[in-house]
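Accompanying notes for the structure given below.
The values are calculated or read from the model by the stated rules, or taken from the named source; none is laboratory data. Being a predicted model, the structure only gives us computed values, none of them experimental. Cβ sites come from the backbone with ideal geometry, for glycine too, and all protein chains shown count toward neighbours.
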Amino acid sequence: CGPAHEARTPVNAGQRPEPVERAELLGQVPVPAERDLPAGRHALHRERLMRQIDLDTPTPTSTPAPAPARPRFRRRLAVTLAGALVVGTVVAVAVTQSSRGGASGPLSSAELASWTGVPTPLAASTGPGATAEKWCLDRMADGPGAGAPVKITNADLRGKVASMVVNRGGKAMLCYVASETSGLWEAIDPVKNVAADAVTYDTGGSHGDGDAMFNYAQGSVGAGVKAITMQVAGRTFQVTVADGRWTAWWPGTMSHRAVPDTVTVTLADGTTRVVSGSSLFTR
């Protein structure tokens, strides 16, 4: 008898061998001899690899570049009446910025230091009043109500600073002028119709910083209100009342908010009453 042969299933071209047959076939393929790198090539590759790692890894002692400084913005505090005391925005144009002693603002610290608690009525047609009116109208030439007839109210002088309300075309602008190079104006609300003995706080805020900061406030009054005196942060001063509106300003830092502590109202019949500043925000 001839040698025994195992029965094998022939593998055709389009037939995949079974897993066991694949293992047997692979076992018959000679394994190529392992080729080694020439002497010294391992050290060369290792050196190149370490050099690449050194290039990709940041140096621990290196100091990162500082981030660019963020721009600093000066904020103006403003409050408006909208059913309650809220922080709002009033359109403002600070035309010039004076600075002295590291502080800056539309009015200088020396101009603010001339402030008086009793304002002097200012005639807008002559003298300082005419100069201030021209300054205001020139700067707000393209402002609200441009081209409409102008009516000046609440014009007064406190030290070196003149203030007035410019009314035109149903719009109102509050303007402060100290010189040809220092002043500002901003849009405010029109006068509101209120009860005869009522006083309301419509708009207020602060401008400048340091000893060049000042606060302002304005609102509406009834026809029966003759005079108003305010107390704010230890200051007592008279308020200008005219044509259904009251206006006031005073030097002070941000801690001296533009809301008065107390308000003394004198009515046309001679009676007076003292109320808290916060009560002016109650309709």
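In table form, for the structure just shown:
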| read-out | value |
| --- | --- |
| Hits in region 174-190 (condition: without any contact (Cβ under 8 Å) to a residue 60 or more places away in the chain and crowded, with 24+ Cβ neighbours inside 10 Å) | CYS175, VAL177 |
| Count of region 111-143 residues which are surrounded by 16 or more Cβ atoms within 10 Å (Cβ to Cβ), part of a loop (DSSP other than H, G, I, E, B) and either within 31 Å of the chain's Cα centre (by Cα) or of a type in the set (Phe, Trp, Tyr) (or both) | 3 |
| Selection count, region 207-248, where residues are surrounded by 20 or more Cβ atoms within 10 Å (Cβ to Cβ), within 17 Å of GLY183 (Cα to Cα) and at pLDDT below 95 | 8 |
| THR272, sole failed condition from (1) more than 25 Å from ALA123 (Cα to Cα); (2) touching a residue at least 40 places away in the same chain (Cβ under 8 Å) | (2) |
